[in-house]
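**Q** Submitted below is the structure of interest, expressed as structure tokens.
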Amino acid sequence: MDKLPADDTSRDIVIVNADTQNELRHLSLAGDTYTMLLTSEQTAGQYDLIDMYIAPSGGPPPHRHNFEEMFTILDGEIEYYFRGKTYHGVTGDTINIPANAPHNFKNVSGKPARMLCMCTPAAQAEYFLSIGDLVATRTSPPPEHTEEKLMAMRERAGSLATKFRTEML
């Protein structure tokens, strides 16, 4: 076995709390709120960790990306659509989506659901920060948008998708 590299003392421990830390960035995306817990800056590009507050019937459109994505359901019921099949997840379940696989999800709880999402290597948090609206807290309602603003956000998401190794389906 090769010798492990030396400890990188330029990096430090990071402790965050989605409900109490004002410096965290909370983003409204497609009616849901995503809180950036750990991003590339804190993990040296290894992964992103995102707290997802998903509205009833909320979730992203079908897509795929060139990185691994793992979800842990903290509260609620989520339907995952993976390669044309439907899977049902409940509180406590962890779901791994392999890189490049077509997928999306939908909250079927009838109330807000909450998940942790880990993306490795890091990429998703920066993408979300490029297209979402900053909101005050993890549970803030989405801002009201005109149809023109929604179209502009969709166009921006589409134009940046390739840069962030994502394809909308």
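**Q** The list (1) 23, 21, 16; (2) 32, 19, 15; (3) 25, 19, 18 gives values of semi-axes √(5λ) of the Cα gyration tensor in Å, and only one came from this structure; which label was calculated from it?
**A** Recomputing semi-axes √(5λ) of the Cα gyration tensor in Å here picks out (3).
**Q** A further question on this structure: About its Cα centre, what dipole magnitude does the chain give when the only charges are +1 on Lys and Arg Cβ and -1 on Asp and Glu Cβ, stated in debye to the nearest 20?
**A** So the dipole magnitude of the chain works out to roughly 440 debye.
**Q** Using Cα positions and a limit of under 17 Å, work out the aspartates and glutamates in reach of LYS111, with same-chain residues fewer than 8 apart set aside.
**A** Filter leaves ASP32, ASP51, ASP75, GLU77, GLU79.
**Q** While we're on this one: Can you give the extra length, in nm with one decimal, that the chain gains between ASP93 and GLU147 once fully stretched, where that is 0.36 nm per residue apart less the Cα-Cα distance?
**A** Roughly 15.8 nm would be gained on extension.
**Q** Could you put GLU147, GLU68 in order, starting from the residue whose Cβ has the fewest other Cβ atoms within 10 Å?
**A** Going from sparsest to densest Cβ surroundings: GLU147, GLU68.
**Q** Ok, one more. Counting only other residues whose beta carbon sits under 10 Å from that of GLY89, what net charge do I get with K and R as +1, D and E as -1? Walk me through the numbers before you get to the answer.
**A** Numbers: positive: none; negative: GLU77, GLU79, ASP93.
Residues near GLY89 contribute -3 overall.
**Q** Let me ask you something else. Taking neighbour counts of Cβ atoms within 10 Å as a proxy for exposure, in what order, fewest first, do ARG154, ARG114, ARG64, ARG83 appear? Could you put the intermediate results ahead of the total?
**A** Details: ARG154 14, ARG114 22, ARG64 19, ARG83 10.
Ranked by crowding around the Cβ, least crowded first: ARG83, ARG154, ARG64, ARG114.
**Q** Taking the Cβ of ILE78 as the center, what net charge do the other residues with Cβ under 14 Å away carry, scoring Lys and Arg +1 and Asp and Glu -1?
**A** Summing Lys/Arg as +1 and Asp/Glu as -1 gives -3.
**Q** Could you calculate the contour length gain from ARG25 to LEU134, that is, 0.36 nm times the residue separation minus the distance between their Cα atoms, to one decimal place in nm?
**A** Contour length minus the Cα-Cα distance gives 38.6 nm.
**Q** Any idea which of GLY76, ALA18, LEU38 is furthest toward the positive side of the dipole for the chain, if Lys and Arg beta-carbons carry +1 and Asp and Glu beta-carbons -1?
**A** Comparing the listed Cα positions along the dipole, GLY76 ranks first.
**Q** Starting with the fewest neighbours, write out ILE13, ILE97 ranked by other beta-carbon atoms found within 10 Å of each beta-carbon.
**A** Lowest to highest Cβ neighbour count: ILE13, ILE97.
**Q** What number, in percent, do you get for the relative contact order of the stretch 25-168 if the mean sequence gap of Cα pairs under 8 Å and at least 6 apart is divided by its residue count?
**A** Answer for the stretch 25-168 is 32 percent.
**Q** When we measure straight from the Cα of LYS85, which lysines land under 21 angstrom away, once same-chain ones fewer than 8 places off are left out?
**A** In chain and number order, the partners are LYS106.
**Q** Let me ask another. For every other residue with a beta carbon closer than 11 angstrom to the beta carbon of THR39, add +1 if it is Lys or Arg and -1 if Asp or Glu, then tell me the sum.
**A** -2
Where a number appears in this text, it was derived from the coordinates with a stated rule and is not lab data. On a predicted model such as this, the values are computed, not experimentally measured, just so you know. Virtual Cβ from ideal backbone geometry, glycine too; neighbours counted across all protein chains shown.
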